[in-house]
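One structure is given here, and the rest of the page talks about it.
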Amino acid sequence: MKEPNHEFSERGVTVTERKPAGISFESWVDKQIRECEQRGDFSQLPGFGKPLDGLDRPYGDTWWIKAKLQREGVSVLPPTLALRKEAEDTLAALPGVRTEAEVRRILTEVNEKIAEAIRRPPPGPLLNLKPFDVDALAGEWRAARDPS
């Protein structure tokens with residue numbers, strides 16, 4: 001007994017559930033895609049008409065994992081290494097800061113995180129980081145801005 005070729009509707013689009021006998025999978029799939037394109041079923045999808053993200057980046061086997069972590073804002077670094085990186089990035093960003101008050105605020109925020117990590121060491125490698133000398137770094141920032 002031959003099974004009927006059931007159809008179902010998903011998002012208002014009728015899709016054939018089973019491939020009809022006597023048609024190759026490739027031509028059946030191509031036909032389904034062509035019909036959907038002609039009806040405009042793909043034109044309402046998110047990202048329609050926009051370039052694919054990541055085409056300019058090198059391909060890796062774990063590209064999808066990296067993309068998911070980035071979308072979710074998840075860090076793969078242990079907390080101590082993430083804090084070391086934040087401290088390093090903070091020092092690198094200081095020349096671009098406009099005011100001394102902002103320099104002090106940024107350094108104080110990082111110092112609070114460092115102090116907390118020293119008080120309650122998070123899991124992972126040792127921190128090997130001490131709080132910044134805010135006055136000394138603010139002085140260096142000031143001297144770099146006003147070389148006279």
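A compact table of results
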quantity	calculated
Any hit, the range 33-44, residues being of a type in the set (F, W, Y), modelled with pLDDT of 85 or more and outside the structural domain of P123 (by TED's automatic domain parsing)	yes
D89 vs. criteria within 29 Å of the chain's Cα centre (by Cα) and acidic (D, E)	yes
Counted residues, the range 70-79 - those being part of a helix (DSSP H, G or I) and at pLDDT 85 or above	3
Filter pass, T99 being of a type in the set (S, T, N, Q), out of contact with any Ser or Thr (no Cβ under 9 Å at 6 or more places or on another chain), surrounded by 11 or more Cβ atoms within 10 Å (Cβ to Cβ) and assigned by TED's automatic domain parsing to the domain that holds A136	no
First in the range 114-127 and more than 20 Å from T90 (Cβ to Cβ), second anywhere and aliphatic (A, V, I, L, M) and part of a loop (DSSP other than H, G, I, E, B), Cβ under 8 Å, 6 or more apart	P121/L127
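The values are calculated or read from the model by the stated rules, or taken from the named source; none is laboratory data. Remember, predicted model here, so these are calculated numbers, not experimental data. Heads up, the Cβs are rebuilt from the backbone with ideal geometry, glycines too, and the neighbour counts pull from every protein chain shown.
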